[in-house]
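Note sheet for the following structure.
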Amino acid sequence: MSHSIRRLTTIDARDHAGLCDVLTDCVEGGASVSFMLPMTRAKADAFWKNAAASLARGERTLVVAEDSAGILGTAQAIWAGAENQPHRADVAKMLVHRRARRRGIGAAVLAAVERAAFDAGKTLLVLDTASPEAERLYERAGWSRVGTVPKYALMPDGAFCSTVFFYKDLAVR
């Protein structure tokens, strides 16, 4: 099954629905991405409406991977707000629908969000994850592990989880 990567400049109704589906699927599948069970459509809707507003204000970039059935995965780079960090962005909501995992979608979305951030003048990216599978993806993509913070967040079911922080210097290519 082939897929394509697209940078979104706005989030239309179709994209919004697909992004809500991916977020809901990931949380229901156990991903620690800021949401708790039960994951409702209202929570996903509110999140993506806020992300769309931020995208419209030029505060982030957003990429999606899609096939003929819709959005398979997504990632964002959110520009650092501090005046002394114009070169930095946080990679966030790196999500791949369970139906699309182990097909290279995560690697493709990660590479696309890195390119989009670099094109916007961002040279240092940071991210965190509670997923061992994602850790392996980031390491394969050249990200450097900073360390682990125990009990940093909760899994969707309420259990504590450790979080691993990574960075990537895009100026060193």
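The values are calculated or read from the model by the stated rules, or taken from the named source; none is laboratory data. All of these numbers come straight from a predicted model, not from anything done at the bench. We place every Cβ from the backbone using ideal geometry, glycine too, and count neighbours over all the protein chains shown. Please note that ligands, DNA and RNA were not included when accessible areas were found on the heavy atoms of the full protein model with its side chains. Shrake-Rupley method; radii C 1.70, N 1.55, O 1.52, S 1.80 Å.
So which trypsin sites (Lys or Arg not before Pro) in the stretch 12-119 are both in a DSSP loop and have at most 11 other Cβ atoms within 10 Å of their Cβ?
Taking the stretch 12-119 and a limit of 11 other Cβ atoms within 10 Å, the loop trypsin sites (Lys or Arg not before Pro) found are Arg57, Arg102.
Is the C-alpha gyration tensor of the stretch 16-167 telling us rounded, prolate or oblate? Criteria: a/c under 1.5 is rounded; beyond that, a/b larger than b/c is prolate, otherwise oblate.
The shape class here is rounded.
For the chain, with every protein chain kept in place, what is the accessible area per residue (1.4 Å probe, Å²)?
51
Below 26 Å Cα-Cα, how many Lys pairs turn up in the chain? Only count pairs eight or more apart in sequence, or on different chains, if you could.
9
For Leu37, Leu19, what's the largest-to-smallest order of accessible area, 1.4 Å probe?
Leu37, Leu19
If you count only protein heavy atoms and use a 1.4 Å probe, how large is the accessible surface of Cys161, to the nearest 10 Å²?
10
Of Ala77, Gly121, Met94, which is farthest towards the positive pole of the stretch 65-140's charge dipole, taken about the Cα centre with +1 and -1 on the beta-carbons of Lys, Arg and Asp, Glu respectively?
Projecting each Cα onto the dipole axis, the largest value belongs to Met94.
When the accessible area of the stretch 62-167 is split by element with a 1.4 Å probe, what percent falls to carbon and sulfur?
The value for the stretch 62-167 is 52 percent carbon and sulfur by accessible area.
Apply the a/c threshold of 1.5 to the C-alpha gyration tensor of the stretch 129-173 and tell me whether it is rounded, prolate or oblate.
Verdict is prolate for the stretch 129-173.
Taking only Cα atoms and a 10 Å spring cutoff, compute GNM fluctuations for the chain and point out the largest among Ala117, Ala141, Ala65.
Ala141
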